[in-house]
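Engineer: Pasting a structure below so you can have a look.
The values are calculated or read from the model by the stated rules, or taken from the named source; none is laboratory data. These numbers come from a predicted model, not from an experiment. A quick note on method: Cβ atoms are made from the backbone with ideal geometry, for glycine too, and the neighbour counts reach across all protein chains shown.
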Amino acid sequence: MKRKIFSVSQIIITVALLFYLAKKVNVPASIKVMQQVNIYYLLVSMLLFLIFLMVGNWRWKILLDARGQKFSYGYLMKVYFVSWFFNNILPTTVGGDVFRVAYTAKKDEATGKRSTSPALAAAFVDRFIGFIGLFFFASLASGALFLTKMGKNQYLLFNIIGFFLLMIILFAVFSDRIHRMFSWIFARVKILNLGEKFERAYSEIKEYRQVKTKLFYSFLLSLIVQALLGLVWFLIAKGVSVDTSVLHYFLYIPVIGVITMLPITVGGLGMRENLFVKIFNTILNVAREKATAISLLYLIVNLIFALIGGIVFLFFRREAQLSKAGGR
C-alpha cells in the first residue's frame with residue numbers, strides 16, 4: 001500500500017509540474033518554435049544521443065570486465081537500452097539499474113543460483129564514477145565560464161567541492177578500516193539475510209581498488225558522456241536559433257541531471273523541463289517559449305531511444321557470460 005501511495009504521489013507531482021509549466025509559458029508559441037526546428041541539428045543531436053548511450057555502455061562493460069564478468073558488447077548494449085526504457089517509466093532515473101543488475105548477475109554453476117553482488121558492485125561503481133566525472137566536467141565548464149567572464153565563481157567552488165567530496169567518499173569506501181566498521185554493522189542485520197548480502201556487495205565494490213587503471217578509463221569515459229549530453233542539448237537549442245555558449249550546457253545540464261535523479265517524479269519528467277526553463281530563462285535570458293521548446297524536443301529525442309529500449313525488451317533474451325577465451 002505504501003508503495004502504491006508513493007507511486008501515485010509521484011505521478012501526481014509529475015502531472016502537476018507539467019501543468020505548472022504549461023501555465024507559465026505560451027504553449028502554442030512553444031509548439032510553433034518546435035515546428036520550425038532545423039531538422040539537420042535535430043538529427044545530429046539524435047546521433048550524438050546514440051553515441052552517448054554507446055559510450056555509457058562501454059564504461060559499464062569496462063567495469064564488468066575488470067571483475068571477470070565478461071559479456072559481449074552487443075548484449076550489454078541491449079541491456080543498456082532496456083535500462084534506459086525503465087529509467088524513463090520508473091519513479092527515478094536510476095530505476096533501470098535494477099534491470100542491469102538482474103541481467104548481468106553471475107550464475108553459480110554448482111548451485112544454479114545467481115549472485116547479484118558482482119553485478120550490483122559494477123552498477124554502483126559505474127554510477128559513482130559517473131558522478132565524479134560529472135562534477136569534474138562541470139568544474140572545467142564553470143572554470144572556463146568564470147575565466148571568460150560568462151559565469152560566477154560560486155559555480156566553480158560548488159563543483160570543485162562536490163568533486164573532492166566524492167573523491168574522499170571513494171577512498172573511504174575502499175578503506176579497510178571503513179569496511180570493518182560496516183562489517184560490524186552488517187553482522188547485526190539478520191532480517192532476510194540483508195546483512196550478509198550487504199557485506200558481499202561491499203566486498204565486491206572494494207575489490208575495484210585493485211583495478212585502478214580501469215577506474216581511470218571509466219572516469220575519462222564519464223567526461224566524454226557529459227560532453228556528449230551537453231552537445232545534444234546545445235544542438236537542439238541551435239536548431240531553434242538559440243545562441244548561447246556550449247559551456248552553459250556543459251555546466252547546467254549535469255546539475256539538472258543530478259536533481260532529476262531524486263525520487264520525486266516519474267523518470268524526472270516535469271522536473272527536468274521546469275529546471276531547464278527556469279535556469280535558461282532567468283540566468284541566460286532565453287525566452288520561455290524557446291526554452292520550453294528545447295526541453296520538449298530533448299524529451300522527444302530521449303523518449304525515442306526509450307521506446308527503442310521498450311521494443312528491445314519485448315524480444316529480450318538473457319545471454320550467458322563469455323568464456324575467458326571468448327572474452328579476450
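Engineer: Given the condition at pLDDT 90 or above, more than 17 Å from the chain's Cα centre (by Cα), outside any helix (DSSP H, G or I) and more than 24 Å from LEU156 (Cα to Cα), answer yes or no: does some residue in the range 189-210 qualify?
Structural biologist: No, there is no match, as no residue in the range 189-210 is at pLDDT 90 or above, more than 17 Å from the chain's Cα centre (by Cα), outside any helix (DSSP H, G or I) and more than 24 Å from LEU156 (Cα to Cα).
Engineer: Mind telling me which of the residues PHE52, PHE19 ends up being among the aromatic types (Phe, Trp, Tyr) and within 30 Å of TYR202 (Cα to Cα)?
Structural biologist: Details: PHE19 fails: within 30 Å of TYR202 (Cα to Cα).
Within the list PHE52, PHE19, the selection yields PHE52.
Engineer: Also, quick follow-up: Among the residues of the range 223-240, is there at least one that is of a type outside the set (Asp, Glu), in contact with a Lys or Arg (Cβ under 7 Å, 6 or more places away or on another chain) and under 20 Å from VAL27 (Cβ atoms)?
Structural biologist: Within the range 223-240, one or more residues are of a type outside the set (Asp, Glu), in contact with a Lys or Arg (Cβ under 7 Å, 6 or more places away or on another chain) and under 20 Å from VAL27 (Cβ atoms).
Engineer: Right, here's the next one. I'm checking my understanding of the structure. Among residues of the range 244-259 that are over 14 Å from the mean Cα position of the chain (by Cα) and not in a loop (DSSP other than H, G, I, E, B), which one is surrounded by the fewest Cβ atoms within 10 Å (Cβ to Cβ)? First the steps, then the outcome.
Structural biologist: Within the range 244-259, the subset over 14 Å from the mean Cα position of the chain (by Cα) is 244-252.
Pick out the ones that are also not in a loop (DSSP other than H, G, I, E, B) and you get 246-252.
Values: VAL246: 17, LEU247: 20, HIS248: 23, TYR249: 25, PHE250: 23, LEU251: 26, TYR252: 23.
Checked the range 244-259; the qualifying residue surrounded by the fewest Cβ atoms within 10 Å (Cβ to Cβ) is VAL246.
Engineer: Is it the case, given these coordinates, that ARG288 is at pLDDT 85 or above and more than 23 Å from GLY162 (Cα to Cα)?
Structural biologist: Answer is yes for this residue.
Engineer: Also: Is it the case, given these coordinates, that GLU289 is in contact with a helix residue (DSSP H, G or I) (Cβ under 6 Å, 6 or more places away or on another chain), assigned to a helix (DSSP H, G or I) and of a type in the set (Asp, Glu)?
Structural biologist: So GLU289 fits the description; yes.
Engineer: Pick from LEU262, LEU299, LEU269: which is in a helix (DSSP H, G or I) and either at pLDDT 90 or above or hydrophobic (A, V, I, L, M, F, W, C) (or both)?
Structural biologist: LEU299
Engineer: Moving on to the next point. Taking VAL125, is it in contact with a Leu (Cβ under 7 Å, 6 or more places away or on another chain), surrounded by 13 or more Cβ atoms within 10 Å (Cβ to Cβ) and closer than 26 Å to GLY257 by Cβ?
Structural biologist: Yes, satisfied.
Engineer: Right, next: Quick check on my filter: what residues within the range 215-243 are within 23 Å of ASN57 (Cα to Cα), of a type outside the set (A, V, I, L, M) and either crowded, with 21+ Cβ neighbours inside 10 Å or modelled with pLDDT under 95 (or both)?
Structural biologist: Hits for the range 215-243 are SER218, SER222, GLN226, GLY230, TRP233, PHE234.
Engineer: Quick check on ARG288: is it surrounded by fewer than 22 Cβ atoms within 10 Å (Cβ to Cβ) and either touching a strand residue (DSSP E or B) at 6+ places or on another chain (Cβ under 6 Å) or not aliphatic (A, V, I, L, M) (or both)?
Structural biologist: yes
Engineer: Additional query: When the range 166-181 is examined, which residues are found to be buried (at least 16 other Cβ atoms within 10 Å of the Cβ) and part of a helix (DSSP H, G or I)?
Structural biologist: LEU166, LEU170, VAL173, HIS179, listed by residue number.
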